[in-house]
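Single-structure report; data block below.
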Amino acid sequence: MTTASRVATVADLDAVVATFTSAFFHDPVWGPAFPDERRRAAQAAVMWRVYAGSALRYPWTLVTPDVEAAAVFIPPGGVELTEEEAAGLEGRLAAVTDAETARAITVVGDRFEAAHPAEPFFYLTILGTHADHRGKGLGMGLVTEGLARIDALGAPVYLESTNPANIKRYESVGFLARDEIVTAGGQVVTTMWRPATR
């Protein structure tokens, strides 16, 4: 089944943030990163807004027609956040959480970045489906569409899976487990690589 998709625009930002906030509320890594469940959605939305908003400068954020799901790819040579955005993220998080929580979240991001492969790659950095729309294959449909576009360019793709339940899904579209990152909280994140197809 083909998932209808389009490239996200700035007008979609609020909907993308809402989808990611819902998708990662109970994620094994990004859930506990915001320990106060009563405030988690509002706090996490601050982080997702920075990352999703920054990624929109590339034409590689794919969404379903009504943004039930979104997939953020960063192209080779691109960055998740500009230097200015990266420098300000911890302060933004501290303003809605506390200094310790903000630092711990920043450290996770630093660990992810340190594990990146040296060669150029497309980076599937965020993939999420709103909880109200799970189980329909929308997220993996966006991944499949993104991979088809990337295959036409002959480039490899890299990701970090923060949820072990997703590893088989990624393997089904050609990703191979590459390494593991263990967070300070003991969560195991699997890095995965999909070689270029030509």
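The values are calculated or read from the model by the stated rules, or taken from the named source; none is laboratory data. Note that the structure is predicted; figures quoted are calculated from it, not measured. Cβ coordinates were reconstructed from backbone atoms using ideal geometry, including for glycine residues, and neighbour counts include every protein chain displayed. These area figures cover heavy atoms from the full protein model, side chains too; ligands, DNA and RNA do not enter into them. Shrake-Rupley method; radii C 1.70, N 1.55, O 1.52, S 1.80 Å.
Roll a 1.4 angstrom probe over the protein heavy atoms and tell me the percent of accessible area of segment 1-75 that is carbon or sulfur.
On the way: 1880 of 3150 Å².
Percent of accessible area from carbon and sulfur atoms in segment 1-75: 60.
Say each of Glu180 and Val10 gets a label point 7 Å from the Cα, pointing the same way as Cα to Cβ; how far apart are those two points in nm?
In this crude label model, Glu180 to Val10 measures out at 4.4 nm.
Specify the inter-centroid distance of segment 133-184 and segment 59-100, based on alpha-carbon positions, in whole Å.
Here the answer is 18 Å between Cα centres.
Give the shape of segment 1-154 as rounded, prolate or oblate, defined through the alpha-carbon gyration tensor: a ≥ b ≥ c are the square roots of its eigenvalues, a/c under 1.5 means rounded, and otherwise the shape is prolate if a/b is larger than b/c and oblate if not.
Details: a/c = 1.87, a/b = 1.28, b/c = 1.46.
Oblate, because a/c is 1.5 or more while a/b does not exceed b/c.
Taking the Cβ-Cβ separation of Glu171 and Ala196 as r and a Förster radius of 25 Å, what is the calculated FRET efficiency to the nearest 0.05?
Efficiency at R0 = 25 Å is approximately 0.90.
Could you run the Karplus curve 6.51 cos²θ - 1.76 cosθ + 1.60 with θ = phi - 60° over segment 76-92 and give me ³J(HN,Hα) per residue in whole Hz, x for Gly and Pro?
Taking θ as phi minus 60°, the curve returns x, x, x, 10, 4, 10, 5, 4, 5, 5, 5, 5, x, 4, 4, x, 4 Hz for segment 76-92.
What order, most packed first, do the peptides 30-36, 186-192 have when packing is the mean number of other Cβ atoms within 10 Å of each residue?
Numbers: 30-36: 18.6, 186-192: 16.7.
Ranking the peptides 30-36, 186-192 by packing returns 30-36, 186-192.
In terms of the Cα gyration tensor, with a ≥ b ≥ c the square roots of its eigenvalues, is segment 20-65 rounded because a/c is under 1.5, prolate because a/b exceeds b/c, or oblate? If you can, show how the numbers build up before the last one.
Numbers: a/c = 2.63, a/b = 2.05, b/c = 1.28.
Verdict is prolate for segment 20-65.
Build a GNM of the chain with springs between Cα atoms under 10 Å: which of Ala41, Ala87, Ala104 gets the top mean-square fluctuation?
Highest fluctuation among the options: Ala87.
Taking the 0 to 90 degree range and rounding to the nearest ten, how far is the long axis of helix 13-23 tilted relative to the main principal axis of the chain, both from C-alpha atoms?
80
Which of rounded, prolate or oblate describes segment 65-116 when judged by the alpha-carbon gyration tensor and an a/c cut-off of 1.5? Working shown, then result.
Numbers: a/c = 2.01, a/b = 1.35, b/c = 1.48.
Taking the square roots of the gyration eigenvalues as a ≥ b ≥ c, segment 65-116 is oblate.
Accessible area per residue, 1.4 Å probe, Å², for the chain: what's the number? Working shown, then result.
Details: 9580 Å² over 198 residues.
I get 48 Å² per residue for this part.
So what's the net charge close to Leu62: Lys and Arg +1, Asp and Glu -1, counting the other residues with Cβ under 14 Å from its Cβ? Numbers along the way, then the final one.
Details: positive: Arg6, Arg149; negative: Asp12, Asp66, Glu68, Glu145.
Charge balance near Leu62 sits at -2.
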